[in-house]
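Enquirer: Got a structure here, written out as structure tokens. Questions coming.
The values are calculated or read from the model by the stated rules, or taken from the named source; none is laboratory data. Nothing here was measured: the structure is a model prediction, and the numbers come from that model. Cβ placement follows ideal geometry from the backbone for every residue including glycine, while neighbour counts extend to all protein chains displayed.
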Amino acid sequence: MLKKLLIANRGEIACRIIRSAKKLGIRSVAVCSDEDRMALHVQLADEFVCLGGASALENYLDMEAILNAALQSGADSVHPGYGFLAENAAFAKLLNDAGLVFVGPSSDVIQSMGSKIESKKLVEQAGVPVVPGYNGANQEASILEDEAGKIGYPIIIKASAGGGGRGMRLVNSASEFKAQLDSAKLEARQAFSDDTVLLEKYLAKARHIEVQILADSYGNIVHLFERDCSMQRRHQKVLEEAPAPNISNEFRQHICQAAIDISRSVNYEGAGTVEFICDKSSFYFMEMNTRLQVEHPISEAITGIDLVDWQLRIAAGEKLDIAQADIKISGHALEARLYAENPKKNFMPSAGTLITLSIPAEVRVDTGVASGSEVSRYYDPMIAKIIAHADSRESALEKMLGAIEKTRVAGVEHNLVFLKNLLNHTAMHEGNYDTGFIEREIAELIPPTATYDLLLGMVWKLLALTQPLPWGGKTGFRINMNNSQHFNISADSKIFDVVVTRNVEQPDSFGIKIDSVYFEVREARWQGTSVSGYFNNKKVRGDIAESGGKVIVMRSGGSQTMRIYDPLKQINRNVT
């Protein structure tokens, strides 16, 4: 078995690998940037090496720095996680040449399968269908445009060395081709230092189904069935499930066997994923990811097999002791990716301190942060992966929705309500969706500004301003008369005009008018971080956090950040 493992990554996947290493008695070494010195993966590891800098190019993408960290720490092996250097053949070779074990396939396999062009050629030789397209060496713009015309629009331009949707563009007509080609090549150069592209026929209403495989160095290969990853936004996965809904057992057997055949044809070793694009009755090879996938937990959930554990065992030279016949599907699993991003502002990443992060214990949570952690602007803004497993698909959906309802996040913008809307959609419950679903339904999925959140924020502010009631605070109190007070609320880049009418005889009752909509508020309560009240006879409750003059209301899985301006305080500030 391996003795000491350096994890060349950060965040939730580094934490995940460290936990599996500990179970196997393997000491762990974390690497970090200056930004990540206090990060959770650094705290969990047995020791750490700070690589310095902030941007990934200065640390997590610096091959020589990571090699030196491994050698200096006495590590005998390196796990790349996913992203960063995980599919970099030169990195794997560098480690092997230095006498270190790279937890993954050989550099030759990474090189072959990492090129979308080369991998398609190998897969065709293995007898597995590929998407019709062009993957030639001639990259002249005029040649590519001619080939696109032969394929027939719409087409997809893909970076050959790419992944994660980078260097990928959908082209609907010949008039768009040149601009989209230039854009794809520029992004590919910046992301992968390689602007080689291929062209593929775009399959409308297609599904993205992938198969998880495990292979040892003795020729034994098994699959852990398939995952449906069709819920995507701009080619980035949002929600995944296993097994795939609404496919036949015959289809499942064929696609899983194709993944085995492809893996065997390249002498694959370790954990890997073969991705396919599918229509109603057919599937076509898309690419192979020669690493652990973000969504691997759902395959673990339905099979009971720890993929990271087996990655480490295989890297240490162990033989698979599980046969294909022993691996069964148990129930259904879903994974939702909780991101620090603002769906209302085109999913712009959000950085800052996590004031609150609370996810219920009934689901599995893979995360690299906690309350008080920093979400850095330099790295991927994932907060956590939420994994729900149950006996049936409907039960798994219900479990996931329940967990999202109870989750509380404050300090950064996030996509929880977007995920909830996605999970509640009829198409999701029917299992009837494709890779273009989110883009088509985006207007329905983006959460509007929640009036009840604004009301809860106002009630909290009013109660905070008037302790003890009714004489405390600058409330405009007048004997034997109700009084009105004017506020402005800033939320989602909008200003809301608020007029509050107080009831002198009932200090827990108000009239609140937001713009032109009036609410009778009664039994307003504030206890700890919780605030509640009846708004036009509807009971509403939320949790409150406050930071830097901002009020954050957390309710039903979502949160609303707002600023509440009290004109009386503003007048006093101007006078003084």
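Enquirer: Go through region 271-300 residue by residue and tally those that are surrounded by fewer than 24 Cβ atoms within 10 Å (Cβ to Cβ) and farther than 16 Å from C229 by Cα.
Expert: Within region 271-300, residues that are surrounded by fewer than 24 Cβ atoms within 10 Å (Cβ to Cβ) and farther than 16 Å from C229 by Cα number 2.
Enquirer: Sticking with this one: Among (1) exposed (fewer than 15 other Cβ atoms within 10 Å of the Cβ); (2) in contact with a Lys or Arg (Cβ under 7 Å, 6 or more places away or on another chain); (3) at pLDDT 95 or above, which single condition is G542 missing?
Expert: Here G542 meets the rest and fails (1).
Enquirer: Need the failing condition index for K385 against (1) in contact with a helix residue (DSSP H, G or I) (Cβ under 9 Å, 6 or more places away or on another chain); (2) assigned to a helix (DSSP H, G or I); (3) basic (K, R), just the number.
Expert: With (1) in contact with a helix residue (DSSP H, G or I) (Cβ under 9 Å, 6 or more places away or on another chain); (2) assigned to a helix (DSSP H, G or I); (3) basic (K, R) applied to K385, the lone miss is (2).
Enquirer: In contact with a Ser or Thr (Cβ under 6 Å, 6 or more places away or on another chain) and among the charged types (D, E, K, R): is that true of E58 in this structure?
Expert: no
Enquirer: Right, next: For region 462-506, how many residues are loosely packed, with under 12 Cβ neighbours inside 10 Å, assigned to a loop (DSSP other than H, G, I, E, B), at negative phi and modelled with pLDDT under 75?
Expert: Of the residues in that region, 5 qualify.
Enquirer: Mind telling me which of the residues S248, S230 ends up being over 25 Å from V103 (Cα atoms), among the polar types (S, T, N, Q) and surrounded by fewer than 21 Cβ atoms within 10 Å (Cβ to Cβ)? Walk me through how you get there before you give the answer.
Expert: Details: S230 fails: surrounded by fewer than 21 Cβ atoms within 10 Å (Cβ to Cβ).
Testing whether each residue is over 25 Å from V103 (Cα atoms), among the polar types (S, T, N, Q) and surrounded by fewer than 21 Cβ atoms within 10 Å (Cβ to Cβ) leaves just S248.
Enquirer: In region 136-172, what count of residues is obtained for those that are surrounded by 13 or more Cβ atoms within 10 Å (Cβ to Cβ) and either hydroxyl-bearing (S, T, Y) or assigned by TED's automatic domain parsing to the domain that holds R264 (or both)?
Expert: 2
Enquirer: What's the total number of residues in region 136-160 that are among the hydrophobic types (A, V, I, L, M, F, W, C) and farther than 21 Å from L203 by Cα?
Expert: 3
Enquirer: Among the residues of region 1-34, count how many are in a helix (DSSP H, G or I) and either surrounded by 19 or more Cβ atoms within 10 Å (Cβ to Cβ) or at pLDDT below 95 (or both).
Expert: 10
Enquirer: Next question. Scan region 43-79 residue by residue and report those that are among the charged types (D, E, K, R), over 21 Å from E374 (Cα atoms) and exposed (fewer than 15 other Cβ atoms within 10 Å of the Cβ).
Expert: Answer for region 43-79, where residues must be among the charged types (D, E, K, R), over 21 Å from E374 (Cα atoms) and exposed (fewer than 15 other Cβ atoms within 10 Å of the Cβ): just E64.
Enquirer: Next up: Among the β-branched types (V, I, T), under 19 Å from F487 (Cβ atoms), crowded, with 17+ Cβ neighbours inside 10 Å and under 26 Å from the mean Cα position of the chain (by Cα): is that true of I512 in this structure?
Expert: The answer is no for I512.
Enquirer: Also, quick follow-up: Return a yes/no flag: does region 324-340 have any residue that is polar (S, T, N, Q), surrounded by 19 or more Cβ atoms within 10 Å (Cβ to Cβ) and in contact with a helix residue (DSSP H, G or I) (Cβ under 6 Å, 6 or more places away or on another chain).
Expert: Looking through region 324-340, none of the residues is polar (S, T, N, Q), surrounded by 19 or more Cβ atoms within 10 Å (Cβ to Cβ) and in contact with a helix residue (DSSP H, G or I) (Cβ under 6 Å, 6 or more places away or on another chain).
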